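Colleague: Here it is, the structure in full.
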Amino acid sequence: MRIISGQYKGRKLQAGQDLSIRPTTDRVKEFIFNVLQDFQQDKVIADIFSGSGNLGFEALSRGAKHVTFVEKNISSVNVLKKNIFTFSLDHSQYSIVHKTAEDFAKENHSEIELYFLDPPFIYPKLQDLIDSITNSANFLIGNLMVLEHEVSNPIEKESEYYTILKQKKMSRSLISFIEKRTQK
């Protein structure tokens, strides 16, 4: 894994030994950030299911203000800490939250403007998690969620809480860009 653009372009990220963790490929990452263009500039971001921090580091490299890395697996948190040390990030640029995505979603995170969710491909609680975040008072109009999920684990195209702005199939993955539904 490497950073594909920005301040850290070309720098490599360490990955964990857990073969069940599926890092976002460069192709998918490039698609995501091409769609976002400069949206991540000066934004506060949550990288949920962060693993080694691949999406969060790419966002920081492209001008994000702060990334909260959310990861429940302690071995992934340790790899993430090594990557933070290697990249010499300042403490103001990141925070690490060692807990489940569901527990994180229940807390107050009104400062977050962009959410990356890259759950394991087999993740039966995905729709509940998306609904929890998008229905929260913290997910504001103008915020975005970028979700990479398994094609065989689809999400509702639209709900009472959100609308999918764009969706693209890439191999086994669906990349979904989600915004809060405005009141009718």
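The values are calculated or read from the model by the stated rules, or taken from the named source; none is laboratory data. Bear in mind the structure is a predicted one, so any value in this text is a computation, not a measurement. Cβ coordinates were reconstructed from backbone atoms using ideal geometry, including for glycine residues, and neighbour counts include every protein chain displayed. Just the protein is used for accessible areas: all its heavy atoms, side chains included, with ligands, DNA and RNA removed. Shrake-Rupley method; radii C 1.70, N 1.55, O 1.52, S 1.80 Å.
Colleague: Being closer than 18 Å to ALA137 by Cβ and of a type outside the set (Val, Ile, Thr) is the filter; apply it to region 147-184 and report the residue that is farthest from the chain's Cα centre (by Cα).
Modeller: Filtering region 147-184 for residues that are closer than 18 Å to ALA137 by Cβ and of a type outside the set (Val, Ile, Thr), the one farthest from the chain's Cα centre (by Cα) comes out as GLN183.
Colleague: Looking at ILE32, ILE45, ILE84 in this structure, which one is farther than 26 Å from LEU140 by Cα, among the hydrophobic types (A, V, I, L, M, F, W, C) and open to solvent by less than 20 Å² (accessible area, probe 1.4 Å)?
Modeller: Result: ILE84 is the single residue among ILE32, ILE45, ILE84 that is farther than 26 Å from LEU140 by Cα, among the hydrophobic types (A, V, I, L, M, F, W, C) and open to solvent by less than 20 Å² (accessible area, probe 1.4 Å).
Colleague: Could you grab me the full set of residues in region 141-153 that are more than 16 Å from PHE49 (Cβ to Cβ) and in a loop (DSSP other than H, G, I, E, B)?
Modeller: Residues satisfying the conditions are ILE141, GLY142, ASN143, VAL151, SER152.
Colleague: Considering region 114-123 alone, what residues qualify as being part of a loop (DSSP other than H, G, I, E, B) and open to solvent by less than 10 Å² (accessible area, probe 1.4 Å)?
Modeller: Here is the first cut: in region 114-123, the residues part of a loop (DSSP other than H, G, I, E, B) are 118-123.
Answer for region 114-123, where residues must be part of a loop (DSSP other than H, G, I, E, B) and open to solvent by less than 10 Å² (accessible area, probe 1.4 Å): just PRO119.
Colleague: Check GLU156, GLU111, GLU179 and return the single one that is under 25 Å from PHE57 (Cα atoms) and in a loop (DSSP other than H, G, I, E, B).
Modeller: Details: GLU156 fails: under 25 Å from PHE57 (Cα atoms); GLU179 fails: in a loop (DSSP other than H, G, I, E, B).
Of the residues listed, the single one that is under 25 Å from PHE57 (Cα atoms) and in a loop (DSSP other than H, G, I, E, B) is GLU111.
Colleague: So, GLU102, is that one part of a loop (DSSP other than H, G, I, E, B), touching a residue at least 24 places away in the same chain (Cβ under 8 Å), in contact with a helix residue (DSSP H, G or I) (Cβ under 7 Å, 6 or more places away or on another chain) and open to solvent by 30 Å² or more (accessible area, probe 1.4 Å) or not?
Modeller: In short, no.
Colleague: When you check PHE39 against the structure, is it open to solvent by 20 Å² or more (accessible area, probe 1.4 Å) and either hydrophobic (A, V, I, L, M, F, W, C) or touching a helix residue (DSSP H, G or I) at 6+ places or on another chain (Cβ under 7 Å) (or both), yes or no?
Modeller: Numbers: open to solvent by 20 Å² or more (accessible area, probe 1.4 Å): yes; either hydrophobic (A, V, I, L, M, F, W, C) or touching a helix residue (DSSP H, G or I) at 6+ places or on another chain (Cβ under 7 Å) (or both): yes.
Judged against the criteria, PHE39 is a match.
Colleague: Another question, then. Please determine whether any residue of region 164-180 is on the phi < 0 side of the Ramachandran plot, among the basic types (Lys, Arg) and crowded, with 18+ Cβ neighbours inside 10 Å.
Modeller: Yes, there is a match, as at least one residue in region 164-180 is on the phi < 0 side of the Ramachandran plot, among the basic types (Lys, Arg) and crowded, with 18+ Cβ neighbours inside 10 Å.
Colleague: Do you know which residues across region 63-101 are touching a Ser or Thr at 6+ places or on another chain (Cβ under 7 Å) and over 21 Å from LYS9 (Cα atoms)?
Modeller: Across region 63-101, the qualifying residues are VAL70, GLU71, LYS72, SER76, SER95, VAL97.
Colleague: Just the residues that are crowded, with 17+ Cβ neighbours inside 10 Å and either closer than 25 Å to SER52 by Cβ or small (Gly, Ala, Ser) (or both), please, taken from region 124-140.
Modeller: Within region 124-140, the first condition is being crowded, with 17+ Cβ neighbours inside 10 Å, and the residues that meet it are 126, 129-134, 136, 138-139.
LEU126, LEU129, ILE130, SER132, ILE133, SER136 - these are the residues of region 124-140 that are crowded, with 17+ Cβ neighbours inside 10 Å and either closer than 25 Å to SER52 by Cβ or small (Gly, Ala, Ser) (or both).
Colleague: Taking the stated definitions as given, is THR68 closer than 23 Å to ILE133 by Cβ, of a type in the set (Val, Ile, Thr) and out of contact with any Phe, Trp or Tyr (no Cβ under 8 Å at 6 or more places or on another chain)?
Modeller: Details: closer than 23 Å to ILE133 by Cβ: yes; of a type in the set (Val, Ile, Thr): yes; out of contact with any Phe, Trp or Tyr (no Cβ under 8 Å at 6 or more places or on another chain): no.
Spelling it out, it is not the case that THR68 is closer than 23 Å to ILE133 by Cβ, of a type in the set (Val, Ile, Thr) and out of contact with any Phe, Trp or Tyr (no Cβ under 8 Å at 6 or more places or on another chain).
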